[in-house]
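Working notes, structure below.
The values are calculated or read from the model by the stated rules, or taken from the named source; none is laboratory data. Keep in mind that this is a model prediction, so the values were computed, not measured. Quick reminder, even Gly has a Cβ in these numbers, built from the backbone with ideal geometry, and neighbours come from all protein chains shown.
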Amino acid sequence: MAHKTIKIGIISRERYRKRTIAIAKGEYKPKRGEPKVWFESVQSMAQVLSNENQELLRIINEREPKSLKELELLSGRKRSNLSRTLKTMSNYGIVDLVKHDRTVEPVVKATDFKVEFGLNTV
């Protein structure tokens, strides 16, 4: 269970949109060390990385469940709740959802987070 840190940035949706367009047009090249994961507010980050969800990441990282059913048993959370939470975390690049024949295996991509925000962030 290796530790991987991802850098998280917080910028408004409008600034993120402008940044994305500038990158697409070649007007802006992301600098080395810039966050790869972006949230539009501290609140949205806090929802995704709540204590409950951090515990879920810890369970996945330590116990390495091979399916959502197994994770449901380990975590005590309903599969529909797990599925929604993991999909959100996957969208942010925090977990991978590896599809096997009839199962989905959750894999933690990040165990540690560094948050970067301020008036002049990107």
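For residue 8, the criteria (1) among the hydrophobic types (A, V, I, L, M, F, W, C); (2) under 25 Å from residue 106 (Cβ atoms); (3) assigned to a helix (DSSP H, G or I) hold in every case but one, which is (3). Sub-7 Å Cβ pairs linking a first residue in the stretch 4-24 that is farther than 17 Å from residue 117 by Cα to a second residue that is among the β-branched types (Val, Ile, Thr), at least 6 apart or interchain, are 4/111, ordered by first then second residue. Candidates are the residues of the stretch 99-122 that are under 20 Å from residue 36 (Cβ atoms) and free of Cβ contacts under 8 Å to residues at least 24 places away in the same chain; the one that is nearest to the chain's Cα centre (by Cα) is 118. All conditions in (1) in a helix (DSSP H, G or I); (2) closer than 24 Å to residue 117 by Cβ; (3) of a type outside the set (S, T, N, Q) hold for residue 38, with the sole exception of (1). Only residues that are within 16 Å of residue 63 (Cβ to Cβ) and part of a strand (DSSP E or B) were counted in the stretch 104-120, giving 5.
Here are 83, 75: which of them is without any contact (Cβ under 8 Å) to a residue 40 or more places away in the chain, surrounded by 15 or more Cβ atoms within 10 Å (Cβ to Cβ), of a type outside the set (Val, Ile, Thr) and closer than 17 Å to residue 58 by Cβ? Among 83, 75, only 75 is without any contact (Cβ under 8 Å) to a residue 40 or more places away in the chain, surrounded by 15 or more Cβ atoms within 10 Å (Cβ to Cβ), of a type outside the set (Val, Ile, Thr) and closer than 17 Å to residue 58 by Cβ. Just one of the numbered conditions (1) under 24 Å from residue 5 (Cβ atoms); (2) at pLDDT 95 or above; (3) exposed (fewer than 14 other Cβ atoms within 10 Å of the Cβ) is not true of residue 114: (2).
Consider the stretch 89-103 and keep the residues that are surrounded by 15 or more Cβ atoms within 10 Å (Cβ to Cβ), out of contact with any Lys or Arg (no Cβ under 8 Å at 6 or more places or on another chain) and not aromatic (Phe, Trp, Tyr). The one that is nearest to residue 56 (Cα to Cα) is 89. For the stretch 1-23, the set of residues classified as in contact with a Pro (Cβ under 7 Å, 6 or more places away or on another chain), buried (at least 16 other Cβ atoms within 10 Å of the Cβ) and among the hydrophobic types (A, V, I, L, M, F, W, C) consists of 8 only.
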